[in-house]
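Notes follow the structure.
The values are calculated or read from the model by the stated rules, or taken from the named source; none is laboratory data. What you see is a predicted model, and the numbers here were worked out from it, not measured in a lab. Here the Cβ is made from the backbone with ideal geometry for all residues, glycine too, and neighbour counts use every protein chain on show. Areas reflect the complete protein model, heavy atoms only, side chains present, ligands, DNA and RNA absent. Shrake-Rupley method; radii C 1.70, N 1.55, O 1.52, S 1.80 Å.
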Amino acid sequence: MLYETISNDMKEAMKAHDKETLNTIRLLKSAIDLYLVNNKMERNTCSDEIVIDIVSKQVKTHKESIEEFKKGNRQDLVDNLLREINLLSKYLPKQLTKEEITAEIDKVFDKIKPTSMKDMGLIMKELTPIFRGKADMKTVNEIVRSKLN
């Protein structure tokens, strides 16, 4: 399970005195634990899907922060967040390429046969479980919009 892997990686970072890695993993583990507490779940019931969702949200937040730090000319903070994204990404499934994303979208389009932008919700509802943790949903959304137009 991913939760156990994260716990083990945290222990390894402690033993190696790697403070940067340790801080990133602690933040991730805290976010997972907070989710479990809020949803009244036990640690042993934490599925990989939950962990992937939380990691994906953290990566997304980091990417948004990077954009803001770039506007403020804070390259030091950008570099730090990029390092954290690299570390967090190892807990995500392999990211799909744009070609793989487009191929999956084409399959859903063949199945649903959308006629206008009104079908966007149906398409995204079908695509979200397919791409969970494997692709940036912003990219998926952009491709779907371009195909619908």
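Observations, loosely collected:
- Taking Cα centre as origin and charging only the Cβ of basic (Lys, Arg, +1) and acidic (Asp, Glu, -1) residues, the dipole magnitude of region 20-78 rounds to 140 debye.
- Value of Rg to Rh for the chain (Rh from inverse mean 1/r over Cα pairs, i.e. Kirkwood): 1.04
- Helix axis angle, 19-38 relative to the chain longest principal axis, alpha carbon, degrees: 60
- For a paramagnetic label modelled on residue 4 (point 7 Å from Cα along Cα→Cβ), amide N atoms under 13 Å away belong, within region 41-59, to 44-48.
- Placing unit charges on the Cβ atoms of the charged side chains and taking the dipole of region 1-95 about its Cα centre, the candidate lying farthest along the positive direction among 39, 6, 56 is 56.
- Rounded to 10°, Cα long-axis angle of helix 2-15 versus longest principal axis of the chain: 30
- Sulfur and carbon atoms: percent of accessible area, the chain [1.4 Å]: 52
- Sites residue 39 and residue 132, calculated FRET efficiency, Cβ-Cβ separation with R0 22 Å, nearest 0.05: 0.80
- Set of lysines near residue 60 by C-alpha distance (under 21 Å), chain-local residues within fewer than 8 positions excluded: 29, 70, 71, 90, 94, 98, 125, 134, 138
- Cβ-defined net charge surrounding residue 115, 15 Å radius [Lys, Arg +1; Asp, Glu -1]: +3
- Among the GluC sites (Glu not before Pro) within region 25-89, those in coil by DSSP and having at most 15 neighbouring Cβ atoms inside 10 Å are 42.
- Candidates per trypsin sites (Lys or Arg not before Pro) in region 88-149, loop by DSSP, up to 15 other Cβ within 10 Å: 90, 94, 132
- Cα-based shape type of region 62-149, given that a ≥ b ≥ c are square roots of the gyration tensor eigenvalues and the cut on a/c is 1.5: prolate
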